[in-house]
1. Which shape class, rounded, prolate or oblate, goes with region B:168-282 when its Cα gyration tensor gives a ≥ b ≥ c as root eigenvalues, a/c under 1.5 marks rounded, and past that a/b bigger than b/c marks prolate?
2. With every protein chain present, what is the per residue accessible area of region A:143-210 (1.4 Å probe, Å²)?
3. Let me check I have the definition right: for chain A, take the eigenvalues of the Cα gyration tensor, multiply each by 5, take square roots. What are those semi-axes in whole Å, largest first?
4. I'd like to compare B:182-192, B:165-175, B:210-220, B:289-299: which one has the highest average count of other Cβ atoms within 10 Å, and what's the full order after that?
5. Can you list residues whose amide H is under 5 Å from A:H299's amide H, if they're 5+ apart or on another chain and H is modeled 1.01 Å from N?
6. Averaged over peptide A:182-188, how many Cβ atoms belonging to another chain are found within 10 Å of each residue's Cβ?
7. Could you tell me the calculated FRET efficiency between A:A133 and B:N241, based on Cβ-Cβ distance and R0 = 35 angstrom, to the nearest 0.05?
8. With a 1.4 Å probe, how much accessible area is buried between chains A and B, both sides summed, in Å² to the nearest hundred?
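The values are calculated or read from the model by the stated rules, or taken from the named source; none is laboratory data. Predicted, not measured: the structure shown is a model, and the values here were computed from it. Reconstructed Cβ throughout: ideal geometry from the backbone, glycine too, with neighbour counts over all protein chains shown. Calculation scope for accessible area: heavy atoms of the full protein, side chains included, ligands and nucleic acids excluded. Shrake-Rupley method; radii C 1.70, N 1.55, O 1.52, S 1.80 Å.
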Amino acid sequence: MDPLVIFEDKASSNDGLLSSSSLETAKAEAKAVVKAAVDFAKKSEPPKPTLAKDLEYPDAPDTDYNLKPEPSEEASSSPHPVDVELVKERIAFLRSRSEDGTGLVVGDALNLAILEEMLRDPKTTIHAEDLQAGSSYDIPKLTQQSFGPLRAADEIIDEGHFIGKALGEGMNGYRPIVELMNSNFGIYGMAELSSAGNTYATTGGQFKMPLTVVGAGGTAPNQALGAEHSQPFHAYVMGIPGLKICTASSAEMAYGLAKSMIRDDGPGILFLPVKNMKDQKTPLNLDTCLPLNKCRLIHEASQKSVDSNKAVTVLTYLHGVREATTALPEILNTAGGSDIDLIELHSLKPLDMATIRTSLERTHKLIILDESTMSGGVGATVSAAVSEQLYDLLDAPVKRLAMDDAPVPYASSMEKAVVKRAVDLQLAVQQLLNYQI
Amino acid sequence: RLPTEPPLLPAQRKEQGASPKTDDAADRSALMLRRFLRPCGGQSVRRQSTAVQESTAVQVSLEPGDFATHRLDRQPEAVAWTSKGELLDYYKLMCTMRRLEMASFAAYQKRQVRGFLHLYDGQEAVATGIQHALTNDDSWITSYRCHCIMLARGGTPEGILAELMGNETGHMGGKGGSMHFYNKAQNYYGGQGIVGAQVPVGTGLAFANKYKTAPGATMPVAISCHGDGAANQGQIAEASNMAMLWKLPMIFGIENNHYGMGTSTKRSSSNPDYYTMGNLIPGIRVNGQNVLAVREATKLAKEHAAAGRGPVYLEFSTCRFNVTRMRTLPCPLKITKDIALNNAIASKDELEAIRLQARVDVEAACERAKAAQPPAQAELLTNIYLDDDGKDEPPSYIRMPFSGDSVSAAEQQ
């Protein structure tokens, strides 16, 4: 039954609550408004072609997050009590470890970044499984005890729902941080992450959605977590527009990138290597937000090796960084001489082609030590971009050391064939240096 | 005068064509007679009991508190029938499960087992009770906490331990590890790594069971086991809705060990009575530490589902001993021992002999598992693709690794 007809019948009965002529007038007015709207729509210009790209990120990729204004006074007052002493004590402890040279592990560095940002901006919230117990790597440690169980909330084991929930918080004025206990579990939230990336543009720029997802994951040699816990989630999300994707394998970088990503007004995801969360301590560059669109030259090939054509550019990220630094002494000591420009891909998206270009202008040869599969991986994307934009700098095809398209097996004897490691890199460097057209 | 033979059990009478309805009185008198048939004259039940034969039927009483139901028209009876042979079989299986988990943990601490390890010690009665309520025609799928269910469904301690150690004699040839055990021959579908993912898959198993059965005939059931940590997931609600809509022969098993990873049910669940979460779907909660109670509850659930009346939520209240280190519930092995002793089914010595033998068997299996070889590298590429003739070979148009283009130092060395 037509609700308009029902309304008209009821309104015009009951001794003329509304006269039928007033109903007719209202209908005519509505019709006229809609007709005018249709005419307006038809006459409107199409949007400029670059609009979708312009609206991809609320904050441009080269934003300096150190210059972000402090949250306003009214934002600072919150009806939810904070145990300021507790959080400041923890922050002071962690900072002292960095300042006295002991250093912090990756998990603690992220904890420090999160606590500092949550104290700075009362709109920041955090969600994680087993949050009150510190989750797996102490990333959310003491957040619930300091900020309360609503602002720092335990989540159930259902990533789809809690990533979506964070999206809602982000659209509704808050700055959510979500920790994935293992980044692979984000697969359950793919629809939500895709939605997150689309939010700013699809809403015509109305809704900034400052979501930060952090997660340790990936595949290390000898990890033995089996096929369902070794997927390269960083590869799966590469294609999501609007999502800033970063990686860190050291405490210093994790801290600086996390601070920036939390202050960024759009969605971002920070990947960490699951096997390196608690094993090495490094001091941090305290209070510094690092750029989200830059990769970093960790080791520069000697001028001598460049001049004798024995230098290779190696791009890698996550566990690959540990593998490459392990391989470095062997590479340097190889008969005939060889050396590498080792670049850590901190920004997977947007990609820092400038740093890659600078290196290739010296070496003209590229290896990508890639923690994704041959099909659809990060290395495939980078390789294609290099071929398109930097082809003339290459003296040899790009060499990509990627995982085989096989479910990652549990037994180490098979796993080491799938996941490329230091010895594979050494061999690849030699092969590339011996490459004859 | 007392009869010299024990009266027939209800099941035995049914076989002989007697009608079940008239036998309530007969059952009660049978129970009375059994009590009189026990050795009298002050003999302690803890000595060798020679009067009880292997297959003599014994009725064991359960606690009323062992069961709770939700929208179910029948209550499980607070009794279970068993026999010496049967109960000692259960006890042996449960002792083997316990030793297996302890051996796995010891090997893990020595780093002979890597990756994840989810242990089942404390929950042995759940798997044992389920296995003996179902047949191997019924499908079973579970989570990553799957070693003991593999044992119940045709696995061996050696095959399981070798798999954990990543050796080629492991049940999965070293490809699966702790979270991935399967046995097609006994309708055991794993062994699933991702929390909750097994539940929609289990619903699909039930669908197939219904689809392949002639309408009106009794269907094989499917049971999927998930924990309290998974219980609030959306995909479970989705699967249960369809199971109810299509009247699938599905049992949604919930192994409630009161902790989802490190988070207690208090913190995770607005409704901790998981057996009621099916809403209109009937539910049973059972004391998961008593193997006979588990079996009876599962039998009841199976009857309901197999007859086409729709799914059942079956919650087992249990406890995992190793990780939580809190034995908040009694040990299922001890409960089984007490049943055997208190009902004069077996002696302390007989039970002890079983327990010790299980230990010996698992230790020997562990040694054999350790001595086995890791799988050959070529195994990596088997069981991924089949060619057009169904051989374990990739089709010619698939470019497999090691084709000369890719680098593998492991192969070169």
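1. Oblate, since a/c reaches 1.5 and b/c is not below a/b.
2. About 36 Å² of surface per residue is accessible.
3. 48, 29, 20
4. B:289-299, B:165-175, B:182-192, B:210-220
5. For A:H299, whose amide H was placed from the backbone, the distant partners under 5 Å are A:L342.
6. Across A:182-188, the average partner-chain Cβ count within 10 Å equals 2.
7. My answer for the efficiency is 0.60.
8. The contact between B and A buries close to 3400 Å².
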